[in-house]
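A.B. asks: Please find one structure pasted underneath; my questions will follow.
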């Protein structure tokens, strides 16, 4: 059961975002259904579908940690033209005069070149902020701004379906901050053609997978039946990869007040890490702590005595 004494649920629900919804649309519906504070963990474009973890209650404090997870996508790459948004929703701005690609080995070689630690220039139509404004705001007003390249990691790419010369479907495992539509456009350039992204499905985000996701209609059903807690992943499960420490009951006052706590009140510090998932003596989640010299210090406070 992941419910606080005040009635607010806490944890992460794995929503299957449907086409036509923005990520903010999903959050608004989740808030209405659950009556909880909610926040998403990384946007999906309206045309995209798939995994969108949504944090409820205190779990909104760890949204950045969930957002940092590696992702997996299934994407359609359409050859022969480019669009101003790099995907199928945009305006066609160029049509290739190159011969259509018939040899799949050429594409496979190019995909290998796009695998590993690479740099990527995000699309003009994106929510990245430059000078306090989002890039798509500049783009809609016809204003050109410098977009800095980003370091990303493509863990793997494979072709899952080929409909040459028109399109292929790829599966991509990648780091946070990767734009799959830019990857599609870059692939077109690599093979001496043009390309943009068609359909996009996010199949995984860290511990969250498409097969375990629920849509908004199912969320409402679980909520109305009083079974919402059945589909909420607790914070400690979502962050299970982090080393755990236990804070002694004798340090409870410091814990409650968010003070730093001396090492001798803490078990588990023999594991060296940048951050720890901390619990109190009764096993309740306290928060995310860092270790500095002879103390641990709260970075994200999640403690409640309810």
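A.B. asks: Distance from a point 7 Å along Cα→Cβ of residue 155 to each backbone N in the stretch 36-62: keep the residues under 15 Å and list them by number.
C.D. replies: Those under the cut-off are none; the list is empty.
A.B. asks: Can you compute the radius of gyration and Dmax for the stretch 1-96, using only the Cα atoms, both in Å?
C.D. replies: According to the Cα coordinates of the stretch 1-96, Rg and Dmax are 16.9, 61 Å.
A.B. asks: Just need the relative contact order of the chain here, percent rounded to a whole number, with Cα pairs under 8 Å and 6+ apart.
C.D. replies: Reported as a whole number, the value is 21 percent.
A.B. asks: Turning to a different aspect of this structure: Which of the peptides 255-264, 137-146 is most tightly packed, and how do the rest follow, going by the mean number of other Cβ atoms within 10 Å of each residue?
C.D. replies: 255-264, 137-146
A.B. asks: So what's the convex hull volume per residue for the Cα atoms of the stretch 242-301, in Å³?
C.D. replies: About 69 Å³ per residue, rounded to a whole number.
A.B. asks: Okay, helix-only estimate at 222 nm for the chain: each DSSP H run of n ≥ 4 adds -39500 (n - 2.57), divide by all residues, round to 500 deg cm²/dmol; what do you get?
C.D. replies: Estimated from H runs of four or more residues: -5500 deg cm²/dmol.
A.B. asks: Still on this model: If you split all Cα-Cα distances of the stretch 71-202 into 10 Å bins from zero, what percentages do you get per bin, shortest first?
C.D. replies: Each 10 Å bin holds this share of Cα pairs: 13, 44, 34, 9, 0.
A.B. asks: How much length is gained if the chain between residue 18 and residue 162 is pulled fully straight, taking 0.36 nm per residue apart and subtracting their Cα-Cα distance, in nm to one decimal?
C.D. replies: Gain on extension, residue 18 to residue 162, equals 49.4 nm.
A.B. asks: Taking the chain as the reference, fit the longest principal axis to its C-alpha atoms, fit the long axis of helix 23-34 to the helix C-alpha atoms, and give the angle between the two in degrees, 0 to 90, nearest 10.
C.D. replies: That works out to roughly 40 degrees.
A.B. asks: Right, next: Sorted from fewest to most neighbouring beta carbons within 10 Å, what does the list 32, 150, 58 look like?
C.D. replies: Ascending Cβ contact count within 10 Å gives the list 32, 150, 58.
A.B. asks: Obtain the radius of gyration and the Kirkwood radius of the chain from its C-alpha atoms and give Rg over Rh.
C.D. replies: Expressed as Rg/Rh, it is 1.04.
A.B. asks: A follow-up question, please. Return, for the Cα atoms of the stretch 198-298, the radius of gyration and Dmax in Å, separated by a comma.
C.D. replies: Gyration radius and largest Cα-Cα distance of the stretch 198-298: 18.2, 58 Å.
A.B. asks: Assuming 1.002 mPa s and 20 °C, estimate D for the stretch 66-126 with Stokes-Einstein, Rh taken as the Kirkwood radius over Cα pairs, in µm²/s.
C.D. replies: Calculated translational D: 149 µm²/s.
A.B. asks: Using alpha carbons only, how many angstrom separate the centre of the stretch 237-293 from the centre of the stretch 52-131?
C.D. replies: 38
A.B. asks: Something else now. How far, in degrees from 0 to 90, does helix 104-113 lean away from the longest principal axis of the Cα atoms of the chain, to the nearest 10?
C.D. replies: That helix lies at roughly 40 degrees to the long axis.
Values in this text are rule-based calculations from the coordinates and carry no lab data. Given the structure is predicted, the values throughout are model-derived calculations rather than measurements. Ideal geometry is used to build each Cβ from the backbone, glycine not excepted, and the neighbour counts take in all protein chains shown.
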